[in-house]
Amino acid sequence: NDNFAIVKFLESIGAEFGACQNAYTSMDETVYELLVPIDKPNVLEQSLDVFAEFATKIRISDADVNDERGAVMEELRMGRDARGRASEAYWKMLMQGSLYAERLPIGLEKVIREGDPEVFRRFYKKWYRPERMAVVAAGDFENL
């Protein structure tokens, strides 16, 4: 099944999917981090292929969206602790008068719970495009 090719690749190099990669979204960017060993031949190139997949072939099926709603709601809930509420209040004060003050990147609870997957697909196609992306590689590379 091609849906798990990235997971199989990461496991094959000892970089378990989830434990050695992460992503976050801030007001201005979405960042994907991928930590991989580079002591094996072609791992760097294959790792860059993973980013190419992220840039061009993300599958956003209705089932995928519905499966993620609970995880996103949990992230929203975790961000509502005292520290999160204080950060949000500070951010709204700091960004008063701008669109940034109106909504955090995680979105509105109603949209998380009920948002149409087609809207998410359109957003992805509009904003998550290779010409809007940059790749930064850090490490001890001998031959680039």
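Within the stretch 101-113, is even one residue of a type in the set (D, E, K, R), within 20 Å of Lys57 (Cα to Cα) and free of Cβ contacts under 8 Å to residues at least 24 places away in the same chain? Steps first, answer last, please.
Step one: filter the stretch 101-113 for residues of a type in the set (D, E, K, R), giving 102-103, 109-110, 113.
Then keep just the ones that are within 20 Å of Lys57 (Cα to Cα); that gives none.
No, the stretch 101-113 has no match at all.
What about Val31, is it out of contact with any helix residue (DSSP H, G or I) (no Cβ under 6 Å at 6 or more places or on another chain) and outside any helix (DSSP H, G or I)? Outline the logic, then answer.
Working: out of contact with any helix residue (DSSP H, G or I) (no Cβ under 6 Å at 6 or more places or on another chain): yes; outside any helix (DSSP H, G or I): yes.
Here the answer is yes, as Val31 does meet what is asked.
If you check every pair at least six apart or on different chains, which have Cβ atoms under 8 Å apart with a residue in the stretch 53-71 that is under 16 Å from Val7 (Cβ atoms) and modelled with pLDDT under 90 first and a residue that is in a helix (DSSP H, G or I) and open to solvent by less than 80 Å² (accessible area, probe 1.4 Å) second?
Qualifying pairs under 8 Å: Glu53/Ile6; Ile58/Tyr124.
Would you be able to say whether some residue in the stretch 12-24 is surrounded by 10 or more Cβ atoms within 10 Å (Cβ to Cβ), touching a residue at least 40 places away in the same chain (Cβ under 8 Å), within 26 Å of Asp140 (Cβ to Cβ) and hydrophobic (A, V, I, L, M, F, W, C)?
Residues of the stretch 12-24 surrounded by 10 or more Cβ atoms within 10 Å (Cβ to Cβ): 12-17, 20-24.
Add one more test, that the residue is touching a residue at least 40 places away in the same chain (Cβ under 8 Å), and what stays is none.
No, because not a single residue in the stretch 12-24 is surrounded by 10 or more Cβ atoms within 10 Å (Cβ to Cβ), touching a residue at least 40 places away in the same chain (Cβ under 8 Å), within 26 Å of Asp140 (Cβ to Cβ) and hydrophobic (A, V, I, L, M, F, W, C).
Residue check: is Met93 farther than 28 Å from Arg132 by Cβ and not aromatic (Phe, Trp, Tyr)? Working first, answer last.
Values: farther than 28 Å from Arg132 by Cβ: yes; not aromatic (Phe, Trp, Tyr): yes.
Criteria met by Met93.
In the stretch 39-58, how many are farther than 30 Å from Ala101 by Cα, open to solvent by less than 70 Å² (accessible area, probe 1.4 Å) and among the aliphatic types (A, V, I, L, M)?
Qualifying residue count for the region: 4.
The values are calculated or read from the model by the stated rules, or taken from the named source; none is laboratory data. Bear in mind that the values here come from a model prediction, so they are computed numbers and not experimental data. Glycine gets a Cβ as well: all are built from the backbone with ideal geometry, and neighbour counts include every protein chain shown. Heads up: the accessible areas ignore ligands, DNA and RNA and are worked out on the full protein's heavy atoms, side chains in. Shrake-Rupley method; radii C 1.70, N 1.55, O 1.52, S 1.80 Å.
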